[in-house]
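Heads up: the structure comes next, in structure tokens.
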Amino acid sequence: MDTEFDALADGLIWLAAEDEAGRAEREAGWWWAWGETPGEKAPRAFVWRFTLAQPLTDARLSVAAQKGLPGVWLDGVLLHASTDPMAGRELQDIALGDLAAGEHRLAVAVRTFHPFIAEPRQGGVGALLRASGEQGDAVFLAPQPADWLTCQGAEEGWHAADAVLLAPAWAPARAPVEAIDWHPAPAQPARLMRREFTLPGPVQQARLHITALGGYEALLNGQRISDALLTPENSDFRVRLLVQSHDVTALLHAGPNALGVMVGDGFYASEAIGRGRYPFGSAPRRLWARLEVLLADGSTQVWGTDTAWRSATAPVRFAEIYHGESHDARLEQAGWASPGFDDRDWLPVWAAPVPPCALHLQGSEPIRETLSLAPRQITQLPNGEHVLDFGQNFAGWCRIRVRGEAGRTVTLRFAEILGDDGQIDMRNLRAARCTDRYTLRGDAAGETWAPRFTYHGFRYVQVSGWPGELKASDIDGVVVHSDLAVTGEFESSHPVLQGLWHNTFWSQRSNFVGVPTDCPQRDERLGWTGDAQVFWPTAACNMDVRGFTRRFLGDLRASQRADGAYADTNPPALPAYGAHGWSDAGVVLPHTLWRHYADTTVLDEHWASMERWMHWIAEVNPDGLWQQRREVDFGDWLSLDAKTLMDETTPKLLTATACWARMLGMMAELARVSGRAERAAHFTVWQQRVRAAFNARFVQAEGQVGNHSHTGYILALAFDLLPDDLRAAAASHLAAAIRARGTLLTTGFLGTPYSLDVLAAHGHADLAVELLLRTEFPSWGYMVVRGATTIWERWNGDTGDVAMNSFNHYALGAVTGFLYRRVAGVEAASPGFAAVLCRPLMDARLGSGRAVQHTVHGPVVATWGVMADGACWHEWQLPDGLPTTFCLPGQPPLQRAGGTHRFQREA
């Protein structure tokens, strides 16, 4: 169960991690302005005319919009332009320099249409001008709604300094009807925050509970308190904030001690696609800590965030999750987190507003550095810059070791691919700048640096500003992810099989970063539930996902809508809820925990949430077809034949109803195993109703399904929706449809994961192997032979739409579970591997190999190969006494109990 903290107990407070200028700007505030009527897809124009009574210096303009900023002009001069249709909430912070006294005009084009964000269609804009006046005083100007004039479909040239804005086309803007939950603020440098305290005697035990609204790195007496990274991890900070708890006994001693914390933007303040900066809360960044000390004499002391702390600007000048980190080592202060440091020039701290979120103890494995990679190749470009190839796409950053003069800046830019000119190609990163900068302090002994508050998805790094020769030993690729125990191993002599497993494993490693993200590189990195739910059975084969799953289910519950719908991304950066195939994660993930680990403990925490979700669907679809409440209807996402993102290559009513039926079956199973017999009966009745409705609507007498798409057949068979007497016919129709397309799959995110299992289970194992080993487009083998080291988002990743084309996306790798189940022949016959099922394909085309599945009962080891005469052999080593069923091709099932067993299939 979740452990919650009372943040204000024992007189503790939240500390603001901001400087005086940031505080003044925050308290100045600004207002949102809206158009009067909903607009079409054309941008809405806003103009603010203002008069300065005095000249201003060091002026900066912050301007924000709810759905992106195609253009910003001041006095007719273009300051910013964007054509990104996926921008969502956007904040631009623009340096203006000096402004003369007199009249000025700010013109802003605001997008009213976003493919995934329905409201508001009136457009929404806000602005804040900040500068220094003639006397050096801070000046803040923020237009109220009526200060703006707005127009839909403005004439060309409307943003010119002398443009005439005539009524009725141009009218005063208005305040939004509903409160806006976005309070953007521009980026600020990180803050150093410290507090000294004295312990009167030896320490017997001490524990530090700490978190931030922002990212933090904490030190006690100059030593890092743990190896956890990117803390606190991402969540819906409006309602749920994770607290990290550490045993710090060894770091404390009698006498003076010091706790120092660097606070940066982290996930809380960094931009999130669709929601902009501060996506789930408002400024300022905040710090909370509680140190509980048990002294050797039995007395206790509590220290934490109070008004005795002091604060200063950190050497981290900029840090955002998407955009990278800039560090100026000349601003470092040696010993700042140790006792005795002179902080008299530092600022006193002040209390921050108490946030509404609950504080929950993080029980899942932290994000850590798990591997260090050396560059495979370094290429010097004609311009003197260097491109490093690490030979592997991964999530993390670079650690550099450099020696040079003070003030030199080394810049690293990250990308997954190269352009034809040999430079990195960052186009598929969209708005993410993915750039780190390190300014040297000039240490003759050399300097070592790695970022703290950002991460990247990359294989290639382009380095500029490096002093002298760049050697492979100067830069490491640091692999970073949630440090889950590896429970699956797979080795194969066949390059396609080995490549598929390798690519999938590395995509899982790259995207399990606090939450299960879709991709680690572009301006997204969201916890898409659709990707997660199709991949979870494979994820559980590769790694121990128990703690990670329980943590993510807590996130799902925290963001669940009051009516019962789950968010399609967690945290819910996009206003998308209840999509079939996505929000299914609320049921599929706990079901996977039960199947893989026999874990039912999570069900009591999660049961009421699942019931609300199931009720949300059922109450408006009494006939058993999921026709109502399909909000953002993704369907079989990125299927081969889709011309646009939302194309219906398989009827979405079919895929939705199939997903509903599967969830009902899972709910019935989970109810039975958790002692909820009445609810098991309820969900069984509903499953039968939905199954009957599916057959009546989509299944023909000869076993044809829907529009005869591959996904339609696959879901009908995988989710057990067809009568027994039609299953063979439907499978034959599926096989024929695959052959008709040239022996290739046309499936997307929903159909692909089950494709090979369905074919192998219904008499078409030969076809399953052909698809598995295929190397022509589209296939997993095509990715391998094209040099992929992770799974692509799209089948045509090498030629697809640059704007949505991740090269590190695990969803299409969900078939990797098939390698364990049907190539290695290891799967759970009952929950938690209390019994094992071994039913390998034993096909000579699959070559030789070895796999290990670490279960709660011990490792199950499978090896296989092909003899000189073409005969296939398979051997298993099983934990003693483990009930095992062997289902070998052409043989009756055999029952054994643990031990070593070898079988052979003649050629």
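Points to keep in mind about this one:
- Cβ-Cβ contacts under 8 Å between residues 6 or more apart (or on different chains), taken from a first residue in the range 334-359 that is free of Cβ contacts under 8 Å to residues at least 40 places away in the same chain and surrounded by fewer than 16 Cβ atoms within 10 Å (Cβ to Cβ) to a second residue that is outside any loop (DSSP other than H, G, I, E, B) and among the hydrophobic types (A, V, I, L, M, F, W, C), are listed as Asp345/Ala312.
- Some residue of the range 650-663 being in a loop (DSSP other than H, G, I, E, B), assigned by TED's automatic domain parsing to the domain that holds Phe749 and not aliphatic (A, V, I, L, M): yes
- Flag: Asp523 does not match the condition of being among the acidic types (Asp, Glu), modelled with pLDDT of 95 or more and not assigned by TED's automatic domain parsing to the domain that holds Arg845.
- The residues on offer are Arg672, Arg676, and the sole one that is surrounded by fewer than 18 Cβ atoms within 10 Å (Cβ to Cβ) and under 30 Å from Ser609 (Cβ atoms) is Arg672.
- Considered as a group, the residues in the range 464-510 that are assigned to a loop (DSSP other than H, G, I, E, B) and among the small types (Gly, Ala, Ser) include one that is surrounded by the fewest Cβ atoms within 10 Å (Cβ to Cβ), and that residue is Gly468.
- Being under 16 Å from Gly751 (Cα atoms), surrounded by fewer than 22 Cβ atoms within 10 Å (Cβ to Cβ) and not acidic (Asp, Glu) holds for only one residue in Pro651, Pro622, and it is Pro651.
- Hits in the range 222-231 - residues which are touching a helix residue (DSSP H, G or I) at 6+ places or on another chain (Cβ under 8 Å), farther than 15 Å from Ala272 by Cβ and not in a strand (DSSP E or B): Ile225
- Flag if Phe749 is under 30 Å from the mean Cα position of the chain (by Cα), surrounded by fewer than 19 Cβ atoms within 10 Å (Cβ to Cβ), of a type outside the set (A, V, I, L, M) and modelled with pLDDT of 95 or more: no
- For the residues Thr198, Thr211, the requirement of being outside the structural domain of Phe552 (by TED's automatic domain parsing), in a strand (DSSP E or B) and either touching a helix residue (DSSP H, G or I) at 6+ places or on another chain (Cβ under 6 Å) or farther than 27 Å from Leu484 by Cα (or both) singles out Thr198.
- Single condition Arg408 does not satisfy, out of (1) out of contact with any strand residue (DSSP E or B) (no Cβ under 9 Å at 6 or more places or on another chain); (2) within 25 Å of Pro315 (Cβ to Cβ); (3) charged (D, E, K, R): (1)
- Strands (runs of 3 or more DSSP E) fully within the range 14-124 that include at least 1 residues being assigned by TED's automatic domain parsing to the domain that holds Val164, among the aromatic types (Phe, Trp, Tyr) and modelled with pLDDT of 90 or more: 44-52, 71-74.
Per-residue answers, yes or no, for (1) crowded, with 19+ Cβ neighbours inside 10 Å; (2) over 16 Å from Trp48 (Cβ atoms); (3) touching a strand residue (DSSP E or B) at 6+ places or on another chain (Cβ under 8 Å):
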{"position": "Asp137", "(1), (2), (3)": "no, yes, no"}
{"position": "Ala146", "(1), (2), (3)": "no, no, yes"}
{"position": "Ala154", "(1), (2), (3)": "yes, no, yes"}
{"position": "Asp162", "(1), (2), (3)": "no, no, no"}
{"position": "Leu165", "(1), (2), (3)": "no, no, yes"}
{"position": "Ala171", "(1), (2), (3)": "no, no, yes"}
{"position": "Ala175", "(1), (2), (3)": "no, no, yes"}
{"position": "Glu178", "(1), (2), (3)": "no, yes, no"}
{"position": "Asp181", "(1), (2), (3)": "no, yes, no"}
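- Residues that are surrounded by 24 or more Cβ atoms within 10 Å (Cβ to Cβ), not in a loop (DSSP other than H, G, I, E, B) and not hydrophobic (A, V, I, L, M, F, W, C), drawn from the range 575-590: Gly586, Pro590
- Search result, residues across the range 591-606 that are surrounded by fewer than 21 Cβ atoms within 10 Å (Cβ to Cβ) and out of contact with any Pro (no Cβ under 8 Å at 6 or more places or on another chain): Asp599, Thr600, Thr601, Asp604, Glu605
- On the stretch given as the range 511-547, residues that are in a helix (DSSP H, G or I) and more than 16 Å from Asp236 (Cα to Cα) total 16.
- Checking Ala352, Ala334, Ala329 one by one, the residue that is touching a Leu at 6+ places or on another chain (Cβ under 8 Å), more than 28 Å from Val239 (Cβ to Cβ) and modelled with pLDDT of 95 or more is Ala329 and no other.
- Scan of the range 363-407 for residues that are of a type in the set (A, V, I, L, M) and more than 25 Å from Phe548 (Cβ to Cβ), ordered by number: Ala374, Ile378, Leu381, Val387, Leu388, Ile400, Val402, Ala406
- Considering residues of the range 817-829 that are small (Gly, Ala, Ser) and touching a strand residue (DSSP E or B) at 6+ places or on another chain (Cβ under 8 Å) only, the residue surrounded by the most Cβ atoms within 10 Å (Cβ to Cβ): Ala824
Quick grid of which residues meet (1) in the same structural domain as Gly514 (by TED's automatic domain parsing); (2) over 30 Å from the mean Cα position of the chain (by Cα); (3) surrounded by fewer than 22 Cβ atoms within 10 Å (Cβ to Cβ):
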| residue | (1), (2), (3) |
| --- | --- |
| Gln380 | no, yes, yes |
| Asn383 | no, yes, yes |
| Phe394 | no, no, no |
| Arg401 | no, no, yes |
| Arg408 | no, yes, yes |
| Glu416 | no, no, no |
| Gly422 | no, no, yes |
| Arg430 | no, no, yes |
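- Within the range 439-459, the set of residues being in a strand (DSSP E or B) and surrounded by fewer than 24 Cβ atoms within 10 Å (Cβ to Cβ) comprises Thr439, Glu447, Thr448, Trp449.
The values are calculated or read from the model by the stated rules, or taken from the named source; none is laboratory data. In this text, all values refer to a predicted model and were calculated from it rather than measured experimentally. Ideal geometry is used to build each Cβ from the backbone, glycine not excepted, and the neighbour counts take in all protein chains shown.
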